[in-house]
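Participant: Mind having a look at this structure? Questions to follow.
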């Protein structure tokens, strides 16, 4: 094993043993592609030490997030008790993943995972992360209104309505359950929102923003009405040509609970989980408890937020 692979060993053990709780009498399928092989091989090595019924399946990277994997890959997923999928393009929103869950598999997808993100986001105690999620949920569940402010200029109020908060803990111990890894957030698709949010952390297509650079968004009645950044505005406008105002939907409010992530690295998958940050997303919310379908879901991470639930300030993890 190379030095890089040995660095992957601890995070791989966390994923297989703590997050998925693989047992000796269970089968495990590691689904990976040509660009993620070191992570896949390390997960396979750990799984193979627990069960004799472990396989690793590798295929060429998919064309886009949500592209269906080859038929034999889907069959391996549906036939396993536990599936871990470190892939370049996400398998989260695929029929193959859905059918694996319906067949009873516990699934963790690791979309776009890099070795840096893997070692940072999974060198963590996920039982502690689950506790942080529970603590945040206790503070927000039942709230009618959430307000977020931040030093860079954010001041936005969300109407929660009948929507429920959800926890992404990374603990996948029950048949038919799935999670992204790295994990660690509490999130909701609000019914409405009004105000301004200013991203000063990470947002695609820019990655980690330089110090002092910000992206500003104006929101009225649950829709983004003004975007300061040309690239993101163009992405939203292009999507709006297909789906109209759904592309401008204020889709998500998320609160990071992974206290192992102490610095943003430029990966939305990891940075949105950073303890004590907030992320706000535009576009599709059908997959997270909303009713809007759109071809985009753009998350922006906000540093040093203050969050209020019905006027009461929250105690955020990691702050």
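Participant: Return one quarter of the surface area of the convex hull spanned by the alpha-carbon atoms of the chain, equal to its mean projected area, in nm².
Facilitator: Values: hull surface 61.3 nm².
Averaged projected hull area, Cα only: 15.3 nm².
Participant: Once both axes come from the Cα atoms, what is the angle between helix 37-50 and the longest principal axis of the chain, in degrees from 0 to 90, rounded to 10?
Facilitator: 60 degrees
Participant: What ranking do 297, 173, 93 get, fewest neighbouring Cβ atoms within 10 angstrom at the top? Before the final figure, lay out the partial values.
Facilitator: Numbers: 297 19, 173 11, 93 16.
Ordered from fewest to most neighbouring Cβ atoms within 10 Å, 297, 173, 93 come out as 173, 93, 297.
Participant: Would you order 196, 225 from fewest to most other beta-carbon atoms within 10 Å of each residue's own beta-carbon? Before the final figure, lay out each step's value.
Facilitator: On the way: 196 14, 225 11.
If I rank by nearby Cβ atoms, fewest first, I get 225, 196.
Participant: Per the Kirkwood definition applied to all pairs of different Cα atoms, how many angstroms is the hydrodynamic radius of region 1-55? List each step's numbers first, then the result.
Facilitator: On the way: mean 1/r = 0.0891 Å⁻¹.
Result for region 1-55, one decimal place: 11.2 Å.
Participant: A further question follows. Using only alpha carbon pairs under 8 Å that are at least six residues apart, calculate the relative contact order of region 274-315 and give it in whole percent. Walk me through the numbers on the way to the answer.
Facilitator: Details: 53 pairs, mean separation 16.0, N = 42.
Relative contact order comes out at 38 percent.
Participant: If you count the DSSP beta bridges with both ends in the chain, what percent of them are antiparallel, to the nearest 5? Each step should come with its number before you reach the end.
Facilitator: Values: 47 of 66 bridges.
The antiparallel fraction comes to roughly 70 percent.
Participant: Any chance you could tell me what percent of the C-alpha pair distances in region 3-122 go past 19 Å?
Facilitator: That fraction is 38 percent.
Participant: With n ≥ 4 as the cut-off for DSSP H runs, can you work out [θ] at 222 nm for the chain, using -39500 (n - 2.57) per run divided by the number of residues, rounded to the nearest 500? Write out the running numbers ahead of the final one.
Facilitator: Numbers: 8 runs with 82 residues, N = 319.
Rounded to the nearest 500, it is -7500 deg cm²/dmol.
Participant: Relative contact order for region 126-313: what is it in percent, counting Cα pairs under 8 Å that are at least 6 residues apart?
Facilitator: Numbers: 477 pairs, mean separation 44.7, N = 188.
That works out to 24 percent.
Participant: On to the next question. Consider just the alpha-carbon atoms of region 54-105 and return their Rg together with their Dmax, both in angstrom.
Facilitator: Looking at region 54-105, its Cα Rg and Dmax stand at 10.0, 27 Å.
Participant: Another one. By per-residue mean of other Cβ atoms within 10 Å, what is the highest-first order of 303-309, 12-18?
Facilitator: Values: 303-309: 18.6, 12-18: 22.0.
Output ranking for 303-309, 12-18: 12-18, 303-309.
Participant: In addition: Measure off 7 Å from each Cα along the Cα-to-Cβ vector at residue 228 and residue 310, then give the distance between these two points in nanometres to one decimal.
Facilitator: Here the answer is 3.4 nm between the modelled labels.
Participant: Averaging sequence separations of C-alpha pairs under 8 Å and six or more residues apart, then dividing by the length of the chain, give the relative contact order as a whole percent.
Facilitator: For the chain, the relative contact order is 15 percent.
Participant: So how long is each side of region 126-313 along the principal axes, counting just the alpha-carbon atoms, biggest first, in Å?
Facilitator: If we take the Cα atoms of region 126-313, the spans are 42, 36, 35 Å.
Participant: Could you order peptides 269-282, 54-67 by the average number of other Cβ atoms within 10 Å of their residues, highest first?
Facilitator: Details: 269-282: 26.8, 54-67: 15.2.
My ranking of the peptides, most packed first, is 269-282, 54-67.
Participant: Please report the base-10 log of the normalised intensity I(q)/I(0) for region 58-162, using a Debye sum with one equal scatterer per alpha carbon and no solvent, at each q in 0.13, 0.16 (1/Å).
Facilitator: -0.74, -0.93
Participant: Can you give the three extents of the C-alpha atoms in region 153-221 along their principal axes, from longest to shortest, in whole Å?
Facilitator: Cα extents, longest axis first: 44, 32, 16 Å.
Participant: Compute the Rg/Rh shape ratio of region 109-202: radius of gyration over Kirkwood radius, all on alpha-carbon atoms.
Facilitator: Values: Rg = 15.5 Å, Rh = 15.3 Å.
With Rg and the Kirkwood Rh in hand, the quotient comes to 1.01.
Participant: Between region 294-312 and region 44-65, how many Å separate their Cα centres?
Facilitator: 34 Å
Participant: Counting other C-beta atoms within 10 Å, which of 49, 241, 23 has the fewest, and how do the rest follow?
Facilitator: 241, 23, 49
Read-outs throughout are calculated quantities, based only on the coordinates presented, and are distinct from any laboratory measurement. These figures come from a predicted structure and were not determined experimentally. Positions of Cβ are generated from backbone atoms using ideal geometry, with glycine treated the same way; all protein chains shown enter the neighbour counts.
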